[in-house]
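**Student:** Handing you a structure now.
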Ligand code: DAH
């Protein structure tokens, strides 16, 4: 700062010496007055005076810039300099996608719930009816955390957002042992799996989990809710299809497909010529899962579903490599500036 103001002071001083000093231009021009023919002298004096006033004003301005900078106000007086262009920020495409999914369910009365990414075995597996030797444990290659198994609790990075189902169901337990229901939640979050990173899969990605538990919740409620969601998300023209599937925590279980929103069901590269794309897994909450959380499975029923965020984001935004989502390359992120 010191050097900067000194330099500016020097600019003002140099200007003064050059134009207004005792040997400066104004003085030496004035000295020419005697050589000017008498009839032109008045005009010459006028011009010289204007010039002197102009030079004095300019000198005052230069001094002012200097003192502003010295007092720290930092005012830039050269208004002809081009301004700094502002690069607008943008939301991350995963955030955009998550917000879209969440807002559709919020309109149906679901509220957002959150759960830990570092989880214990009970909430990620056991309470979800995935017992110790259940093959489903191998379906989701798990990152275990070493050195955290105090009280013989095994800690891990959650492999899905289904852990939040358990935590929310456990929260409904009242002091008298009964559960306070209904539950109607949506839980977006990050999950981790020990997978080789490639263009199509990553060791961490995002899911959205949904859970609705009350008296008389049926499979028809599940189908209608998810059909409404798919239409809001992918367009009114899509058709749904529910295929029987297997998840340990739901019975019956299904996978939901919709007619391909790229080709409209005719068959294309995205839907591998089938006309259908899978969008989520779902089912009726298994009675054992309800009982594990202290909810009377004779009185209450519910449905649950889970979907990934990266895959639909890749399809909708035309992203061909999942790694782009986590590399923070601004050339990629800036492309979403105008997406809401
Ligand atoms: N947790 C499953 C997964 O990670 C997704 C899922 C399927 C969640 C069915 C659910 C469900 O709640 O009912 O692949």
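The values are calculated or read from the model by the stated rules, or taken from the named source; none is laboratory data. Source: prediction; values computed, not measured. All Cβ positions, glycine included, derive from the backbone under ideal geometry; neighbour counts span all protein chains shown.
**Student:** Determine whether residue 123 is farther than 24 Å from residue 311 by Cα, modelled with pLDDT of 85 or more and buried (at least 16 other Cβ atoms within 10 Å of the Cβ).
**Tutor:** Yes.
**Student:** Just checking, does region 79-101 include any residue being in contact with a strand residue (DSSP E or B) (Cβ under 7 Å, 6 or more places away or on another chain), over 30 Å from residue 194 (Cβ atoms), modelled with pLDDT of 80 or more and outside any loop (DSSP other than H, G, I, E, B)?
**Tutor:** no
**Student:** Let me ask something else about it. Before we move on, is residue 168 within 13 Å of the ligand (Cβ to nearest atom) and more than 15 Å from residue 210 (Cβ to Cβ)?
**Tutor:** Criteria not met by residue 168.
**Student:** Please go through region 280-299 and pick out each residue that is away from the ligand (no atom under 16 Å from the Cβ) and either touching a residue at least 40 places away in the same chain (Cβ under 8 Å) or in a helix (DSSP H, G or I) (or both).
**Tutor:** Once the filter is applied, which keeps residues that are away from the ligand (no atom under 16 Å from the Cβ) and either touching a residue at least 40 places away in the same chain (Cβ under 8 Å) or in a helix (DSSP H, G or I) (or both), region 280-299 yields 291, 294, 296, 299.
Quick grid of which residues meet (1) more than 22 Å from residue 10 (Cβ to Cβ); (2) at pLDDT 90 or above; (3) touching a helix residue (DSSP H, G or I) at 6+ places or on another chain (Cβ under 7 Å):
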position	(1), (2), (3)
35	yes, no, no
47	yes, yes, no
55	no, yes, yes
71	no, no, no
77	no, no, yes
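**Student:** Only residues that are within 13 Å of the ligand (Cβ to nearest atom), modelled with pLDDT of 95 or more and in contact with a helix residue (DSSP H, G or I) (Cβ under 9 Å, 6 or more places away or on another chain): list them for region 302-338, please.
**Tutor:** 302, 303, 304, 305, 306, 307, 309, 310
**Student:** Considering only residues of region 233-250 that are in contact with a strand residue (DSSP E or B) (Cβ under 9 Å, 6 or more places away or on another chain) and within 10 Å of the ligand (Cβ to nearest atom), which is nearest to residue 123 (Cα to Cα)?
**Tutor:** This residue is 249.
Each row is one residue, and each column tells you yes or no for (1) exposed (fewer than 15 other Cβ atoms within 10 Å of the Cβ); (2) assigned by TED's automatic domain parsing to the domain that holds residue 112; (3) under 22 Å from the mean Cα position of the chain (by Cα).
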residue: 144; (1), (2), (3): yes, yes, no
residue: 152; (1), (2), (3): yes, yes, no
residue: 170; (1), (2), (3): no, yes, no
residue: 186; (1), (2), (3): no, yes, yes
residue: 190; (1), (2), (3): yes, yes, yes
residue: 193; (1), (2), (3): no, yes, yes
residue: 196; (1), (2), (3): yes, yes, no
residue: 213; (1), (2), (3): no, yes, no
residue: 236; (1), (2), (3): yes, yes, no
